[in-house]
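Colleague: Take a look at the following structure, please.
Only the coordinates and a few stated rules stand behind these numbers; no lab work does. These figures come from a predicted structure and were not determined experimentally. We place every Cβ from the backbone using ideal geometry, glycine too, and count neighbours over all the protein chains shown.
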Amino acid sequence: MLSAPPSVITDPANWGWRGRVRRLTGGLIKPKPGQVEARHRLAEVAVRQYIGGARLVMVANPKGGSGVTTAALMLAHTLATLRGGSTVAWDNNEARGTLADRAEVTTPPTTVWHLLGAFERLAGPSGSAGDMSHYLRSQPSRVDVLASDVDVARREQIGAGECGRLGLLLSRFYRLTVMDTGNNPRAGNWLWAAHSADVLVVPITLEVDVAQTAAFMLDSLVAHGLKDLVSGAVTVIRPAVTAPEAQVRAQLLEYFAARTALVVEVPFDDQLAGGKPMVYGRISEASRRAWVAAAAAVADRLAAVHSTRPDQMTPPPPPQHRPSPQAQSRAPAPSPQHNTADQGGGQASVTALPVRRSQAQ
Ligand SMILES: Nc1ncnc2c1ncn2[C@@H]1O[C@H](COP(=O)(O)OP(=O)(O)OP(=O)(O)O)[C@@H](O)[C@H]1O
Ligand SMILES: [Mg+2]
């Protein structure tokens, strides 16, 4: 369980009437933070917690327009801002993903294929973070964005092999990778992500077709032997254009709260609407707080998935038993499902509630 430093709870309030009292009295009266402010501070502590390892967060829902790209970018912004960088947002749509279009900084114009072209050099002993920066778009939030394939003439598609090489490079230079995914759960790159992910994030609206597609995806992941990924997942709900009937809302909330580990609601935000580039610094306060809660849920789940420290690993086999580097780069098999120290039903450190509503609600 995460233990927050005492100052998080005891430092005087900044929000609401408590904060106003403190300011009006010049700090003579210093009320403690209210429940909502204290919960937000704890969520920030959760986002910053020790996680260990190079981790992959897969954001997925095959239903088009369900909010996958927005959620991937907002989670990456929030994690990078609060954790101090070392986070990359990877657009793993097989072609023409929109993640890089939604970013604030859109240069350099390089994509996954350019990065793959530099694989041998970057994966070798002379590969440097500086060389790597030619392939990523650094954002003011300190997240770096890796754009998907945008070449209209290209015939090849990013598959599992390419993902293996990209994943290897990113894990060398970043501690956290947040991945936007496409709409075909049978595609090689999608399946590679599912088999490699430490945590799954499922963006939905409380609409029957969106929820059904997400439920179908969860079923197919279980059918692929990834039941821990499903039970440890975080569901992120954004408002639908039309609010659902109370009964539908209750049923869907209950379903995803039972099926996944944590459920977080985020509000509608003009800054995130219409598929336009998002300026993280301009999102609403309600939105910022809600995405901190969502990122806290992700960090809690990542912390619950065990990652072995290299000095505690069993020694590698003698050289003659190791696969050749050529074989490795030709077939970067999906990494096995993560260790699951505490999957599914595990309680969050911040709220200890299976349904975590955003503070903004
Ligand atoms: N919290 C939000 N507030 C306002 N608008 C939002 C929010 N989240 C998503 N949207 C909008 O919903 C639309 C769909 O979102 P997004 O592109 O993230 O979905 P997607 O699942 O990635 O879609 P695709 O299947 O096309 O890749 C976009 O126009 C986006 O701006
Ligand atoms: Mg998308």
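Colleague: Calculate one ³J(HN,Hα) per residue across the range 259-267 by plugging θ = phi - 60° into the Karplus curve 6.51 cos²θ - 1.76 cosθ + 1.60, and present them in order as whole Hz with x for glycine and proline.
Modeller: My calculation for the range 259-267 gives 7, 10, 6, 9, 10, 10, 9, 10, x Hz in order.
Colleague: Could you state the angle between the C-alpha long axis of helix 208-223 and the longest principal axis of the C-alpha atoms of the chain, as a value from 0 to 90 degrees rounded to the nearest 10?
Modeller: For helix 208-223, the angle is close to 50 degrees.
Colleague: Please list 231-238, 186-193, 309-316 highest first by mean number of surrounding beta-carbon atoms within 10 Å per residue.
Modeller: 231-238, 186-193, 309-316
Colleague: In 10 Å bins starting at zero, report the fraction of Cα pairs in the range 34-330 per bin as a rounded %.
Modeller: Taking every Cα pair in the range 34-330, the percentages come to 6, 28, 36, 22, 6, 1, 0.
Colleague: Quick check: the angle from helix 160-173's long axis to the longest principal axis of the chain, C-alpha only, nearest 10 degrees?
Modeller: Around 60 degrees separate the two axes.
Colleague: Quick one: Karplus J couplings for the range 91-98, per residue in order, coefficients 6.51, -1.76, 1.60, θ = phi - 60°, nearest Hz, x for Gly and Pro?
Modeller: Once rounded to whole Hz, the list reads 7, 9, 5, 5, 8, 6, x, 10.
Colleague: Please give the peptides 221-227, 287-293 ranked by average Cβ packing (other Cβ atoms within 10 Å per residue), highest first, as a rough proxy for protection.
Modeller: Values: 221-227: 15.9, 287-293: 25.0.
Packing order, densest peptide first, comes out as 287-293, 221-227.
Colleague: Among all the lysines, which ones have a C-alpha under 29 Å from residue 63's C-alpha, if same-chain residues fewer than 8 places away are not counted?
Modeller: Straight-distance partners of residue 63: 227, 276.
Colleague: Also, I was wondering about something else. Roughly what would the spin-label model give for residue 270 and residue 118, points 7 Å off Cα along C-beta, in nm?
Modeller: Spacing of the two 7 Å Cα→Cβ label points: 3.9 nm.
Colleague: If you don't mind, there's one more thing I want to ask. Angle, helix 35-48 long axis vs. longest principal axis of the chain, Cα atoms, 0 to 90°, nearest 10?
Modeller: Taking Cα atoms only, the helix is inclined about 20 degrees.
Colleague: Also, quick follow-up: In nanometres, what is the gap between the two model label sites at residue 133 and residue 248, each 7 Å from Cα along Cα-to-Cβ?
Modeller: Calculated label separation equals 4.9 nm.
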